[in-house]
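J.: After the structure tokens below, expect a handful of questions from me.
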Amino acid sequence: MTKKKPTHFGQFLREKREGRYSLRQFAKLVGVSPTYLSQVEQGKLLPPTADRVKRMAELLGENPDEWIAMAGRVPEDLPEIIQQQPTEAPELLREASGLTAEQWRILRQTARKMKEEGG
């Protein structure tokens, strides 16, 4: 029997959480009420803030950036980065749109190397 693919963030969260934490335990660790968490898992409420989604991912050993994106949020450090370079940062993202995962990896490595070299 194959599992159905999760249709929303809450369903995905529930599948990852179950068997590891009770709803109450997990809600307490994340800093939300069990009622709220239950409603998120049922798709009745939107996912919590990026910071709380990050905490959820960390507790479950998952990639926080992937979870934040899946929740329809933006990592909290990105707006400040964009504001520091209000023209260049959005232009870079637009130009990079459509790159493959491997091309993104190369772009990331190039940027890291430029920072290390002070360039």
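J.: From zero outward in steps of 5 Å, how is the percent of C-alpha pairs of segment 42-88 spread across the bins?
T.: It works out to 5, 23, 23, 19, 15, 9, 5, 2, in whole percents.
J.: Give the Kirkwood hydrodynamic radius (Å, one decimal) of segment 1-67, defined as one over the mean of 1/r across all pairs of different Cα atoms.
T.: For segment 1-67, inverting the mean 1/r across all distinct Cα pairs yields 12.0 Å.
J.: Hey, any idea what % of the chain's accessible area is carbon plus sulfur with a 1.4 Å probe?
T.: The value for the chain is 52 percent carbon and sulfur by accessible area.
J.: Determine the gain in length on full extension of the stretch SER97-GLU18; use 0.36 nm per residue of separation and subtract their C-alpha separation, reporting nm with one decimal.
T.: So the chain would gain 24.9 nm between SER97 and GLU18.
J.: Applying a 10 Å radius around every beta-carbon, put 31-39, 95-103 in order of their mean neighbour count, most first.
T.: Highest to lowest by the protection proxy: 31-39, 95-103.
J.: Please compute the Kirkwood hydrodynamic radius of the chain from all pairs of different C-alpha atoms, in Å with one decimal.
T.: 16.5 Å
J.: Moving on to the next point. Cross-link candidates for LYS54: which aspartates and glutamates have Cα within less than 13 Å, leaving aside residues fewer than 8 places away along the same chain?
T.: Correct list for LYS54: GLU62, ASP65, GLU66, GLU76, ASP77.
J.: With every protein chain left in place, what is the accessible area per residue of the chain in square angstrom, probe 1.4 Å?
T.: The answer is 74 Å² per residue.
J.: Give the long-range amide H neighbours of LEU45: residues separated by 5 or more places, or on another chain, with amide H under 5 Å away, using H modelled in the peptide plane at 1.01 Å from N.
T.: Excluding prolines and chain starts, which carry no amide H, the hits are VAL40.
J.: Ignoring ligands and nucleic acids, what accessible area does GLU76 show with a 1.4 Å probe (Å², nearest 10)?
T.: 120 Å²
J.: Along its three principal axes, how long is segment 62-119 when you only count alpha carbons? Whole Å, largest extent first please.
T.: So the three principal-axis extents are 34, 27, 21 Å.
The values are calculated or read from the model by the stated rules, or taken from the named source; none is laboratory data. All of these numbers come straight from a predicted model, not from anything done at the bench. For neighbour counting, all protein chains shown are included, and Cβ atoms are generated from backbone atoms with ideal geometry for every residue, glycine included. Heads up: the accessible areas ignore ligands, DNA and RNA and are worked out on the full protein's heavy atoms, side chains in. Shrake-Rupley method; radii C 1.70, N 1.55, O 1.52, S 1.80 Å.
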